[in-house]
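The values are calculated or read from the model by the stated rules, or taken from the named source; none is laboratory data. It should be emphasised that the depicted structure is a prediction, and the values quoted were computed from it without experimental measurement. Every residue, glycine among them, receives a Cβ derived from its backbone with ideal geometry; neighbour counts consider all protein chains shown.
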Amino acid sequence: MLATTNHGHGIEFPSVVARGNVWSVQWHPEKSQAVCACVARFCKDREKYKMIVYPAIDLRGGRCVRLCQGNPDAETVYYDAPVVAARRWVEAGAAWLHVVNLDGALGDGGAALNLERLSDICAAVDVPVQFGGGLRSIDHIARAFDMGVARVLLATVAVCEPVTLVAALRRYGPQRVAVSLDLRDGRVATHGWTQVGNLDGVEVGRRLARIGVTTAVYTNIGRDGMLLGVDANGVAQFAHKTGLQVIAAGGVASAGDVRALREVAWRGVVGVIVGRALYVGAVDLTEAIRLASNGVGGVPASPADYPLPRYSGRVQCNLSAGKAP
């Protein structure tokens with residue numbers, strides 16, 4: 001038995017049971033509740049929930065660096081030639097790379113040099129590159145695609161100039177244009193994380209979903225670069241509440257963090273970005289990729305590996321809308 005429902009009379013009823021690879025859902029809204037809608041959606045579209053591990057390559061002054069909590073004064077240089085890092089991660093099995101122009105995001109002078117390094121990376125590897133940082137106009141986005149980028153990430157412009165985001169979505173589509181929402185204590189930070197306003201991250205995520213965004217990088221700034229571990233439940237809640245497919249970032253410290261995120265992939269967590277943990281050897285990329293794709297198409301090898309939450313109270317399911325309440 002994987003999940004139960006309490007009707008409020010002190011008696012719990014089975015709502016999801018499994019034997020081997022066969023799952024059974026009792027499909028009554030007053031019994032099955034939201035958990036069953038999530039399970040059904042996951043089984044129907046399970047390939048969509050295959051989790052990808054994105055090695056991070058942050059560019060500053062033409063070099064591959066890592067910052068702590070986005071602080072420009074807390075920088076560690078790992079490679080003078082970022083293309084070497086790119087080749088290393090691809091050789092270890094990376095299916096995607098996550099590249100950020102820190103100078104572009106911060107408005108510093110090294111942005112142009114970083115774009116040259118980006119071009120080098122795109123030319124050197126045969127896997128798609130996801131790129132963000134300082135993309136503030138359609139011309140910037142077009143230039144990134146011309147360099148060979150597969151997907152762009154819009155952060156400040158997505159929040160402050162949604163007209164540009166809408167134009168990019170119309171021109172390139174949601175598969176090639178995603179957003180990056182960087183949160184500090186639940187509030188959205190912009191301009192290279194230097195400005196934090198009063199915008200609630202979940203509300204911004206919902207608004208972006210309504211205008212056509214399907215994928216978002218969710219960064220917990222307080223954990224980024226600190227090796228504190230991911231907030232898997234927080235990431236899952238964000239995905240669930242916004243309806244976005246979420247790539248988690250910030251805090252990965254061990255293979256256990258990758259495993260924790262895989263266990264909530266069914267809620268819309270489709271990837272994880274790993275940075276400092278790779279560079280200091282706390283996470284082995286090949287092992288992380290194996291954990292992220294454990295089972296077929298992101299489905300656990302057995303239902304026992306796939307813990308489900310326990311819900312109580314009556315909840316009306318709405319599978320036809322593509323999401324659970």
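Only residues that are modelled with pLDDT of 90 or more and either of a type in the set (Gly, Ala, Ser) or under 17 Å from the mean Cα position of the chain (by Cα) (or both) were counted in region 279-301, giving 7.
Residues considered: 179, 188, 127. Of these, the only one that is outside any helix (DSSP H, G or I) and under 28 Å from residue 80 (Cβ atoms) is 127. Of all residues in region 240-266, those that are touching a residue at least 60 places away in the same chain (Cβ under 8 Å) have Cβ atoms under 7 Å from Cβ atoms of residues that are in a loop (DSSP other than H, G, I, E, B) and among the polar types (S, T, N, Q), 6 or more apart or on another chain, in 245/214; 262/294. For region 129-144, a tally of residues being without any contact (Cβ under 8 Å) to a residue 40 or more places away in the chain and either among the basic types (Lys, Arg) or crowded, with 17+ Cβ neighbours inside 10 Å (or both) returns 9.
When the criteria are applied in full, residue 73 fails the requirement of being in a loop (DSSP other than H, G, I, E, B) and modelled with pLDDT under 95.
In a residue-by-residue description of region 163-175, the property of being surrounded by fewer than 23 Cβ atoms within 10 Å (Cβ to Cβ) and modelled with pLDDT under 90 applies to no position. Any chance region 86-106 includes a residue that's closer than 18 Å to residue 62 by Cα and free of Cβ contacts under 8 Å to residues at least 12 places away in the same chain? Within region 86-106, one or more residues are closer than 18 Å to residue 62 by Cα and free of Cβ contacts under 8 Å to residues at least 12 places away in the same chain. For region 148-157, indicate whether the set of residues that are assigned to a helix (DSSP H, G or I), β-branched (Val, Ile, Thr), out of contact with any strand residue (DSSP E or B) (no Cβ under 7 Å at 6 or more places or on another chain) and at pLDDT below 95 is non-empty. Looking for residues that are assigned to a helix (DSSP H, G or I), β-branched (Val, Ile, Thr), out of contact with any strand residue (DSSP E or B) (no Cβ under 7 Å at 6 or more places or on another chain) and at pLDDT below 95, one finds at least one in region 148-157, hence yes.
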